[in-house]
Amino acid sequence: MSATAIFSLTNSNAVSTVFSNRKLHCRNSVAKPTSRYSPSSSSLASRFSPLISPTRSFTTSVFKRFNTLMEWQECKVKKKVDVPVSVAYGLYSDRESIPRWMTFISSVKVLKDKSDLSRWTLKYSAFGQNLEYSWLARNLQPLPNQKIHWISLEGLPNRGTVRFFPQGPSSCEVELTFAYEVPLLLIPFATALQPLMQGMIKDSLELFAEIAKSTKTT
């Protein structure tokens, strides 16, 4: 066999060997990521599957969480009232009298056929707007001389609790907690709205204390 033929054959075998090795290397390199990364891929898929599932809307879920976390505000105010706890509780239980001390509430009307339901109307001027909102509220089961609480069923979403703490035979502490969803119109003023409401509720409890004291003496 000539030297040229031997060289050609040797070179051909070398190329074939190299090519075979490269194919084997490619097969190995394909197989390795599968065994190496498959568990984490599976883990990631299971972790994020609720977000990428076609039956769930990621945008909707985020929007709902934003509404819940960012658009609700809560105010809490306490006030000592120089009347027995039974007097304060009895006065606050008369829902239609509430506009006497909550001056931003223009009316409260208890439904004749369902005494646990009442219609409320709020009127107030703020941020260059004449604001007016209404809602239907349900009074939940009260604890006499301890707690009155309610939740809105329609209209402006809100909920609240009035608690009464005896401070002796002739005085008590009244604590009002009021939570509400910020109306769309007032979202740009949300930062200023909470201290405004806090101040309004504080003023209302101070007026309530005066009315309750005058009621006691008459």
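The values are calculated or read from the model by the stated rules, or taken from the named source; none is laboratory data. The shown structure was predicted, so the numbers you read here are calculated from the model rather than taken from an experiment. Positions of Cβ are backbone-derived with ideal geometry, glycine not excepted, and every protein chain shown enters the neighbour counts. In case anyone asks, the SASA skips ligands and DNA or RNA and just uses the protein heavy atoms, side chains included. Shrake-Rupley method; radii C 1.70, N 1.55, O 1.52, S 1.80 Å.
Considering only residues that are in contact (Cβ under 8 Å) with a residue 60 or more places away in the chain and out of contact with any strand residue (DSSP E or B) (no Cβ under 8 Å at 6 or more places or on another chain), look in segment 165-182 and name the one that is most open to solvent (accessible area, probe 1.4 Å). For segment 165-182, the residue satisfying everything is PRO169.
Based on what the data block shows, is LYS78 in a strand (DSSP E or B) and touching a residue at least 40 places away in the same chain (Cβ under 8 Å)?
On the way: in a strand (DSSP E or B): yes; touching a residue at least 40 places away in the same chain (Cβ under 8 Å): yes.
Here the answer is yes, as LYS78 does meet what is asked.
If the condition is being buried (at least 16 other Cβ atoms within 10 Å of the Cβ), hydroxyl-bearing (Ser, Thr, Tyr) and within 27 Å of PRO84 (Cα to Cα), then segment 103-133 contributes only SER118. Could you list all residues from segment 134-164 that are open to solvent by 80 Å² or more (accessible area, probe 1.4 Å), in contact (Cβ under 8 Å) with a residue 24 or more places away in the chain and part of a strand (DSSP E or B)? Answer for segment 134-164, where residues must be open to solvent by 80 Å² or more (accessible area, probe 1.4 Å), in contact (Cβ under 8 Å) with a residue 24 or more places away in the chain and part of a strand (DSSP E or B): just LEU153.
In segment 105-121 there is no residue matching the filter, namely being touching a residue at least 60 places away in the same chain (Cβ under 8 Å) and either out of contact with any helix residue (DSSP H, G or I) (no Cβ under 7 Å at 6 or more places or on another chain) or part of a loop (DSSP other than H, G, I, E, B) (or both). Residue check: LEU131 meets all listed conditions (1) part of a loop (DSSP other than H, G, I, E, B); (2) at pLDDT below 95; (3) under 22 Å from ARG100 (Cβ atoms) but one, namely (1). For segment 148-158, the condition of being β-branched (Val, Ile, Thr) and over 20 Å from LEU193 (Cα atoms) holds for at least one residue.
Name the pairs: first residue in segment 183-196 and closer than 16 Å to CYS75 by Cα, second residue of a type in the set (S, T, N, Q), Cβ to Cβ under 8 Å, at least 6 apart or on different chains? The qualifying pairs are ALA190/GLN73; LEU193/GLN73; GLN194/GLN73.
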